[in-house]
Amino acid sequence: MLTIAELCEELRISPSTFYDWRSKGRAPRCIKLPNGDLRIRRSALNNWLDDREDLG
C-alpha cells in the first residue's frame with residue numbers, strides 16, 4: 001500500500017492536489033487506518049489510472 005507522499009511522488013502532484021481531488025471524488029480509493037492515515041492499494045491506483053486512459 002502507498003502512502004499519500006508516495007502516491008504524490010509517483011503521480012508528480014502536490015499533496016494539496018491529491019486532497020483537492022479527494023474532496024471532489026476524483027482521487028483513487030483510499031483506506032483510512034485507525035490512526036487516521038490514508039493508504040492507497042497499488043491495485044486501486046492501477047484501476048484508477050486505467051479508467052483515465054485516453055483511448056481516443
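Do any residues in the range 10-36 that are without any contact (Cβ under 8 Å) to a residue 12 or more places away in the chain and under 18 Å from residue 49 (Cβ atoms) have Cβ atoms under 7 Å from those of residues that are in a loop (DSSP other than H, G, I, E, B) and small (Gly, Ala, Ser), where the two are at least six apart or on different chains, and which pairs are they?
So the pair list comes out as 21/27.
Listed here are the residues, each with its yes/no results for (1) modelled with pLDDT under 95; (2) exposed (fewer than 13 other Cβ atoms within 10 Å of the Cβ); (3) touching a Cys at 6+ places or on another chain (Cβ under 9 Å).
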{"site": "21", "(1), (2), (3)": "no, no, no"}
{"site": "28", "(1), (2), (3)": "no, no, no"}
{"site": "32", "(1), (2), (3)": "no, yes, no"}
{"site": "38", "(1), (2), (3)": "no, no, yes"}
{"site": "44", "(1), (2), (3)": "no, no, yes"}
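The values are calculated or read from the model by the stated rules, or taken from the named source; none is laboratory data. Since the model is a prediction, treat every value here as computed from it, not as a measurement. In this analysis, Cβ positions are derived from the backbone assuming ideal geometry, glycine residues included, and neighbour counts consider all displayed protein chains.
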